[in-house]
Structures are given as C-alpha cells and as structure tokens.
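Chemist: Quick one: this structure, given as structure tokens, is what I'll be asking you about.
The numbers here are math on the coordinates, done by the rules we state, and not lab data. Remember, it's a predicted structure, so these values are computed and weren't measured experimentally. Note: ideal-geometry Cβ built from the backbone for every residue, glycine included; neighbour counts use all protein chains shown.
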Amino acid sequence: MDRIVLQKDQVLFKEGDPPSVAYLIESGEIEISTHRAGERLVLSKLGPGDLLGEMAVIDDAPRTATAIALTDSVLFQIDRTQISERLAGTDPIIRALLEGQLKRYRGALAAMQGKAIHKNDSDTASEKLGIGKIRLESQLREALSTGGLDVRYQPLLHVQSNKIAGYEALVRWNHPERGPISPVEFVALAEETSLIVPVGEYVFDTACAAVKTFIEHGADPKPFIAVNVSARQLSHPGLIERIVARVDAAGLPQGSLKVEITESQALNYEMVEKVISLCHSHGIKVALDDFGTGYSHLTHLHRLAFDTMKVDQAFTRAMLEHPRSMAIVKAIVAMGKAIDADIVVEGIETEEMLQALRDLGCDYAQGYLIGKPQTLEELTKS
C-alpha cells in the first residue's frame with residue numbers, strides 16, 4: 001500500500017541507502033540526521049505536510065541522511081514514476097532550476113560542519129499548491145486501493161418509447177477529510193498522471209457489475225452503461241480488449257457498455273479512428289461527449305464515425321426562451337439523423353423541454369427531470 005505507519009524511534013531509511021521512494025508526512029514527526037566527523041548531526045525535524053527523501057530519488061543518488069520517527073507517524077509513499085511524471089510535464093526552465101538546486105543541496109550538505117539545516121517557513125503559494133496536489137494524489141491512490149471511490153448512474157431516457165434505455169457512469173470521491181471532491185478536480189488530477197488508467201479500469205469493472213445487476217432485477221429493455229474515456233486512457237494499450245473481456249466474462253449482451261470520448265484538447269484523429277474501428281468490430285458504440293463546446297467541433301464528425309452525439313446542456317437550457325438556441329439544437333438533431341448518429345440531449349429539467357425533444361425526433365434525453373445520478377442500490381431497491 002502507499003500509506004505506511006511508523007512507530008516511535010523506527011528508522012524510515014538510513015544514510016547510504018539506495019533511493020526507492022520519497023515520502024509525504026500525513027501525521028507525526030520525523031527527524032533527519034547525518035554523521036560528520038564521528039558526530040551525529042540533526043539536520044531538521046519534519047511534520048505533517050512535509051516531503052522527505054525526494055532529492056535522492058530525483059537525482060538517483062544514495063541517501064545522504066537518516067530518517068527516524070520521533071513519534072508514531074503515518075506517511076504516504078511517492079514512487080519514482082509519480083515524481084518522473086511531474087518532472088516530465090514541468091517547464092524546462094523549472095527543471096533546470098531544480099537541477100541547480102539539487103547540486104547546491106548536495107554541495108552544502110557535504111561541506112556542512114555542525115550547522116543544522118532548518119526548514120524554511122517562507123513557502124510560496126505555488127509550493128504549497130504543489131504539495132497539496134501530491135498529497136491529494138497519494139490519497140486518491142489509497143482510495144483506489146481501498147475501494148474509496150463511488151460510481152453513480154444517471155439515467156438516459158429513450159424519448160419516443162419513454163423508457164429508461166441506459167445510464168451514464170459518473171465516478172465520485174467522498175474524501176475522508178474534505179468530504180465530496182469535485183470530479184473536475186480529482187479527474188483532472190488523475191489525468192495529469194497514470195492514475196486515470198486505474199480509475200478508468202475501476203469504473204469499467206463497476207459498470208459491468210451494474211449492468212448484470214440491472215438485468216437480474218428485470219430491467220426492460222436491458223440497459224447499457226456509458227463510460228467516459230479520456231485521451232490518455234485511449235492511448236493506453238489494450239483498453240478496448242480489456243473492456244470486451246470484461247463484458248464476455250460477465251456474460252453480458254453485446255453493447256452493454258458504451259464508450260464516451262471526452263477531450264480537453266484537440267483529438268488525435270489517427271488514434272481515435274483506430275479505437276472507434278476496434279470498438280465497432282466488437283459491437284461497442286462510441287459517443288462524442290459535449291458536442292459543440294470546447295474542442296468538440298464538426299471536424300470530429302467529418303473524420304470520425306461516432307455512433308452518438310451528446311449535446312451539451314449549454315444549448316438546451318435556453319432553447320425554450322431563445323429561438324437561436326432552439327435552432328441550434330434542431331440543427332444538431334437533424335445533422336445527427338443525416339449521418340446516422342443517435343442524439344443525446346443533456347440538461348433536460350422540465351416536461352416542456354422533454355416535449356420539445358419529442359417534437360424534434362430526438363433519440364435520448366438526460367437531466368434532472370429524467371433522474372439525478374444515484375447509486376446502484378438506490379436504483380434497484382424497488
């Protein structure tokens with residue numbers, strides 16, 4: 001596990017040990033010391049929120065000091081991959097400054113003669129933000145390993161039949177200290193690192209189990225579950241094959257899972273085209289999420305064979321009051337029909353909005369009128 005517990009006087013690492021991981025102190029106090037001229041020198045005493053051991057990991061050099069727990073302590077491990085990913089995404093100038101800092105740190109420590117190094121209390125706001133993100137990342141890793149993430153399901157209504165046809169899986173995290181954390185925050189954090197891959201795998205596993213439960217409870221029609229996938233997940237080898245293996249292992253009907261592609265930057269068309277082709281060969285439908293916003297534009301539809309277009313609620317919220325908004329929704333629905341793509345319209349909150357979709361011949365509706373995101377237990381308790 002990423003979290004470790006030390007008893008008072010327990011040694012975390014010794015001077016000369018090879019570097020493996022760095023640590024973030026969650027609670028307790030750690031003393032850092034070294035030996036010079038046969039005498040033991042205390043360099044610093046670190047507490048909650050402090051990092052230690054990161055210098056040796058960054059420059060791959062033996063430990064230059066010994067770390068001992070002064071009190072019972074809890075620490076998060078930060079492995080070399082986490083640190084490397086952060087450095088790889090850092091501005092080259094910042095990396096150069098860090099390298100210079102490492103050289104000065106090593107030189108000063110080697111030349112030290114009885115003068116202790118004390119923690120600098122004048123941390124900048126950006127440094128504190130960085131430490132906070134590392135701490136949150138470590139806690140997210142722990143939540144993954146302990147089942148601390150939750151998946152909610154928001155229903156999608158088939159407009160013409162007025163039946164629930166499927167659900168969108170939405171991952172949630174109820175932090176033990178901060179309470180519910182915005183998906184925007186922790187999903188973005190996961191996407192900055194390789195964590196988005198295990199988070200995605202967790203959601204797919206949970207979604208497969210949910211489909212099976214819905215079917216066992218007599219859902220009619222048998223529902224699908226749509227799962228959001230980022231570009232980083234798409235680039236991870238074997239994603240679609242693992243999805244297919246999950247569906248087959250659970251004995252689910254073909255098409256039980258759908259893939260929704262979300263992207264905060266321009267899509268890699270060659271990669272996404274291959275993913276869509278592979279999905280289609282296994283009977284998996286692919287949706288373009290939040291059509292019309294951000295980087296989602298007509299070129300995607302021209303070059304990529306999406307099965308579904310999801311219309312962002314920014315267009316639908318005002319469609320009854322503003323003719324221009326209604327005209328845009330109407331045009332998107334017509335365009336979807338012309339390219340043989342289903343249309344999902346988000347943000348439906350009133351019966352009048354739903355009736356407007358019926359009049360337009362829209363395929364699916366999603367929003368608080370249809371249903372809020374709920375747990376599987378809430379949806380199957382009746």
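Chemist: Where in the chain lies the longest segment free of chymotrypsin sites (Phe, Trp or Tyr not before Pro) that are both loop residues by DSSP (not H, G, I, E, B) and have at most 16 other Cβ atoms within 10 Å?
Modeler: On the way: sites that count: TYR295, TYR368.
The longest uninterrupted stretch comes out as 1-294.
Chemist: Which entry in (i) 1.07; (ii) 1.35; (iii) 1.23 matches Cα Rg over 2.2 N^0.38 Å derived from the coordinates of this structure?
Modeler: The value computed from this structure is option (iii).
Chemist: Also: Give me the percent of DSSP beta bridges within the chain that run antiparallel, rounded to the nearest 5.
Modeler: Once the DSSP bridges in the chain are tallied, antiparallel ones form about 65 percent.
Chemist: Mind checking the dipole of the range 172-290: about its Cα centre, +1 per Lys or Arg Cβ, -1 per Asp or Glu Cβ, Debye to the nearest 20?
Modeler: On the way: 10 positive and 16 negative charges, 63 e Å.
Value, rounded to 20: 300 debye.
Chemist: Taking only Cα atoms and a 10 Å spring cutoff, compute GNM fluctuations for the chain and point out the largest among GLY147, GLY336, GLY28.
Modeler: GLY147
Chemist: What do you get for the angle between helix 196-216 and the principal long axis of the chain? Use alpha-carbon atoms, 0 to 90 degrees, nearest ten.
Modeler: In the chain, helix 196-216 runs at an angle near 40 degrees to the longest axis.
Chemist: Next question, about the same structure. Mind checking which of LYS222, LYS285, LYS274 has the largest fluctuation in a GNM of the chain, springs on alpha carbons under 10 Å?
Modeler: LYS274
Chemist: Please list the equivalent ellipsoid semi-axes of the range 10-90, computed as the square roots of five times the alpha-carbon gyration tensor eigenvalues, in descending order and whole angstrom.
Modeler: Details: eigenvalues 93, 55, 17 Å².
Semi-axes, largest first: 22, 17, 9 Å.
Chemist: Restricting everything to alpha-carbon atoms, can you work out Rg to Rh for the range 261-353 with a Kirkwood hydrodynamic radius?
Modeler: On the way: Rg = 13.9 Å, Rh = 13.9 Å.
Rg/Rh for the range 261-353 comes to 1.00.
Chemist: What is the angle, in °, between the Cα long axis of helix 183-192 and the longest principal axis of the Cα atoms in the chain? Nearest 10 is fine, range 0 to 90.
Modeler: The angle comes out near 60 degrees.
Chemist: Then there is this: What's the exposure ranking of LYS45, LYS14, going from fewest to most Cβ atoms within 10 Å? Could you put the intermediate results ahead of the total?
Modeler: Numbers: LYS45 15, LYS14 12.
By the 10 Å Cβ count, ascending, the order reads LYS14, LYS45.
Chemist: Hey, another quick one. Taking 0.36 nm per residue of separation and subtracting the Cα-Cα distance, what length does fully extending THR375 through ASP79 add? Walk me through the numbers before you get to the answer.
Modeler: Numbers: separation 296, 0.36 × 296 = 106.56 nm, distance 3.34 nm.
Gain in length upon complete extension: 103.2 nm.
Chemist: Please arrange MET353, MET271, MET309, MET335 by counting, for each residue, the other beta carbons lying within 10 Å of its beta carbon, fewest first. Walk me through the numbers on the way to the answer.
Modeler: Working: MET353 19, MET271 12, MET309 25, MET335 15.
Exposure proxy ranking, most exposed first: MET271, MET335, MET353, MET309.
Chemist: Which of LYS381, LYS310 comes first, and how do the rest follow, when ranked by fewest Cβ neighbours within 10 Å? Don't skip to the end; give the middle numbers.
Modeler: Working: LYS381 9, LYS310 26.
The fewest-first ordering by Cβ neighbours comes to LYS381, LYS310.
Chemist: Compute the long axis of helix 239-249 from its Cα atoms, compare it with the longest principal axis of the Cα atoms of the chain, and write down the angle in degrees, 0 to 90, nearest 10.
Modeler: 70
Chemist: Normalising by the residue count of the chain, find the relative contact order in percent from Cα pairs under 8 Å and 6+ residues apart.
Modeler: Details: 631 pairs, mean separation 47.3, N = 382.
With pairs under 8 Å counted, the relative contact order is 12 percent.
Chemist: From the cross-link list LYS14/LYS45; LYS163/LYS274; LYS133/LYS274, which pairs have alpha carbons spaced over 25 Å apart?
Modeler: Working: LYS14/LYS45 15 Å; LYS163/LYS274 33 Å; LYS133/LYS274 34 Å.
Long pairs (Cα-Cα over 25 Å): LYS163/LYS274; LYS133/LYS274.
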